[in-house]
Amino acid sequence: MAPNPTIPMNVVADAVNPPPYGEPLNLETAKKVAAAALGRGGQAQLECVLHRHRQSAGELVYFEKQDNCQYASIGVSQHKGRTAVRYRRPTLAFENLIGKGPYFNYLVTLDDVIASRGGNMLLVDGKVVGGIGVSGGFGAQDNVLSLAGQASLK
């Protein structure tokens, strides 16, 4: 049976070119990225966590929690950073796809996916060296801080 082009999941891209993995993020660089993200937040009560990859796994390198941040954000921020590294895409990509309708609901069944903005890859020379996850504010706020941390590596 031929694929139905009206169903988004039946349209397959000719090529998928995710960025390759690079050398793991070190502690010094992780602290630099966290400082950039938290510096962008001003007085916001946010939480920042960074991950580095080991093969395709996002292992925690550095974690910093701001005073009075909700406890739930500890796990959420780690989940965002880990998802960005393991899937080599921002968590906003999952949020956007799920928003397109029921054909993308399967995404919530994949291991280690979180469809909430604020998780981004950290790239050096076009290679994924880690990820940053921010939680504690609204999704747009989390993403702005996460992107500020990401930009600090450029």
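The values are calculated or read from the model by the stated rules, or taken from the named source; none is laboratory data. Predicted, not measured: the structure shown is a model, and the values here were computed from it. Backbone-built Cβ (ideal geometry, glycine too); neighbour counts: all protein chains shown.
Computed values, structure above
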{"quantity": "Pick from region 111-154, criterion polar (S, T, N, Q) and buried (at least 24 other Cβ atoms within 10 Å of the Cβ), ranking: nearest to Arg88 (Cα to Cα)", "calculated": "Asn120"}
{"quantity": "Residues of region 42-71 satisfying the condition of being at pLDDT 55 or above and at positive phi", "calculated": "Asn68"}
{"quantity": "Candidates Ile74, Ile98, filtered to the one that is in contact with an Asp or Glu (Cβ under 7 Å, 6 or more places away or on another chain) and either buried (at least 16 other Cβ atoms within 10 Å of the Cβ) or modelled with pLDDT of 90 or more (or both)", "calculated": "Ile74"}
{"quantity": "Breaking point among (1) under 17 Å from Gly133 (Cα atoms); (2) assigned to a loop (DSSP other than H, G, I, E, B); (3) of a type in the set (S, T, N, Q); (4) modelled with pLDDT of 85 or more, for Asn17", "calculated": "(1)"}
{"quantity": "Selection count where residues are outside any helix (DSSP H, G or I) and in contact (Cβ under 8 Å) with a residue 60 or more places away in the chain, scope region 102-137", "calculated": "17"}
{"quantity": "Which numbered condition Phe63 misses (of (1) of a type outside the set (D, E, K, R); (2) in a helix (DSSP H, G or I); (3) surrounded by fewer than 19 Cβ atoms within 10 Å (Cβ to Cβ))", "calculated": "(2)"}
{"quantity": "Lone unmet requirement of (1) outside any helix (DSSP H, G or I); (2) touching a strand residue (DSSP E or B) at 6+ places or on another chain (Cβ under 8 Å) for Arg82", "calculated": "(1)"}
